[in-house]
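**Student:** Just dropping this structure here.
Here, each number is a calculation from the coordinates, and none is a lab measurement. Source: prediction; values computed, not measured. Every residue, glycine as well, gets a Cβ built from its backbone with ideal geometry; the counts of neighbours run over all protein chains shown.
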Amino acid sequence: MPPLRWAWRGALALFVLAGLTGAFFRFAVAHGGTLGLDLTNVRHAHSHLMYFGWVTPALFALIARHLPDLGGRPVPRIGLVVGATFGLALLAYPPFLLYGYTSAQIGSAELPLGVMAAGLNVLTWYAFAVLYVRARRGAPPSLPLRLLDLALCFLALATLGAWGLPVLQFSGRESPALMSALTHVFLDVFSEGWFVLGTLGLAAAEAGRGVRLARWGVRLARWGAALAAAGVPFTFALGMPAALVPPLFAGLARLAGCSWGAVSGSSSWRCGRAFGGRGVWHSGCSS
């Protein structure tokens, strides 16, 4: 596999741009001077660039780097997928900065440019998921692979929210509750499922390189994966306005949040113990 140092540098560059956008948002809130921008749109531009241009391509590159060590094959065309992810992340930044989720007047048409750009980003996620599934075929089961598999599943699930938003806007049947739910399905399932589980999977791969799980560890990993699979899809309701969430569903979301916290905490603890025993961290994109 060719070196992917450039992917790490690109992710850091877009992280800096997203961070500067967030700093501008906080400065404008504290001191005014928005430069004519809507701060809600600035916040959307910041968060979406973090998701699209920092977290996602970096995880793609690191997962592809580790997959052969976990028994899979090299991910083909990973450089092309990561490069396209960077390009589309930058393409989505100006529409979100200027318009957010609202529509822009283009000639006689009103188009939700930010939402449309987000949809284009989703296509690279599907491309990576297909390549990942093919490359990991035949790999022996392990805790890192279970976490990475689950992370990719939640990445795919989060896209349902991304596709649902433009469908609602084009249909003209916008509902505040449904719009909020779809937005949080996209953002929260993405962050809690794809980002956190993907990072934990990579940490487990690095910490347990060459180490097989004991029988109790395999069982614990299976139960943890099952709890995450059951809990993460409901956590989106925790970020919605309380008035828009039915009480029964709100209680279910809190329970799901607790179970998810237990899974992520126990996985982090096991990885931390493994790192403590090894006392070393190998950079996933250094070779």
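**Student:** Can you pull the one-decimal nm distance between simple spin-label points at Leu35 and Val133, each 7 Å off the Cα toward Cβ?
**Tutor:** 4.2
**Student:** What are the ³J(HN,Hα) couplings of the range 180-190, residue after residue, when phi is run through the Karplus curve with 6.51, -1.76, 1.60 and θ = phi - 60°? Round to Hz, x for glycine and proline.
**Tutor:** Per residue, the Karplus-derived 3J(HN,Hα) values read 5, 4, 5, 4, 7, 4, 5, 6, 7, 5, 4 Hz.
**Student:** Report the FRET efficiency, 1/(1 + (r/R0)^6), for Arg26 and Arg5, where r is their Cβ-Cβ distance and R0 is 22 Å, rounded to 0.05.
**Tutor:** Between Arg26 and Arg5 the formula returns 0.10.
**Student:** Shape of the range 44-183 from its Cα gyration tensor (a ≥ b ≥ c, root eigenvalues): rounded if a/c is under 1.5, otherwise prolate when a/b > b/c, or oblate?
**Tutor:** Taking the square roots of the gyration eigenvalues as a ≥ b ≥ c, the range 44-183 is prolate.
**Student:** Under a Cβ-Cβ cut-off of 14 Å, what is the net charge of the residues other than Leu157 that fall near it, where Lys and Arg count +1 and Asp and Glu count -1? Mind dumping the intermediate values first?
**Tutor:** On the way: positive: none; negative: Asp149, Asp188, Glu192.
My count for the surroundings of Leu157 gives -3.
**Student:** Residue by residue through the range 49-66, which ³J(HN,Hα) values in whole Hz follow from phi under the Karplus form 6.51 cos²θ - 1.76 cosθ + 1.60 (θ = phi - 60°), with glycine and proline marked x?
**Tutor:** 5, 4, 6, 6, x, 10, 4, 5, x, 5, 5, 3, 5, 5, 5, 4, 5, 8
**Student:** Over the alpha carbons of the range 1-75, what is the largest minus smallest coordinate on each principal axis, giving the biggest first in Å?
**Tutor:** 53, 18, 16
**Student:** Amide H of Ala104: which non-local residues (sequence gap of 5 or more, or other chain) have their own amide H closer than 5 Å, using H built in the peptide plane?
**Tutor:** Leu111, Leu113
**Student:** Loop-only check: which trypsin sites (Lys or Arg not before Pro) in the range 96-152 are DSSP coil with at most 10 other Cβ within 10 angstrom?
**Tutor:** Values: sites: Arg134, Arg136, Arg137, Arg146; in loops: Arg137.
Loop-located and lightly packed - Arg137.
**Student:** Right, here's the next one. Tabulate in residue order the Karplus-calculated ³J(HN,Hα) for the range 20-30, using 6.51 cos²θ - 1.76 cosθ + 1.60 with θ = phi - 60°, rounded to whole Hz; enter x for Gly and Pro.
**Tutor:** Result, ordered by residue: 5, 5, x, 5, 4, 4, 5, 5, 5, 5, 7 Hz.
**Student:** If packing is taken as the mean number of other Cβ atoms within 10 Å per residue, what is the order of 115-124, 197-206, 181-190, 10-19, highest first?
**Tutor:** 197-206, 181-190, 115-124, 10-19
**Student:** Further, regarding this structure: Starting from the Cα of Met116, step 7 Å along the direction of its Cβ; do the same at Met179; then give the gap between the two resulting points in nm.
**Tutor:** The answer from the label model is 1.9 nm.
**Student:** Still on this structure: For the range 1-106, run through the trypsin sites (Lys or Arg not before Pro) and keep only the ones in DSSP coil with at most 16 other Cβ atoms within 10 Å of their Cβ. Walk me through the intermediate numbers first.
**Tutor:** Details: sites: Arg5, Arg9, Arg26, Arg43, Arg65, Arg77; in loops: Arg77.
Passing sites in the range 1-106 are Arg77.
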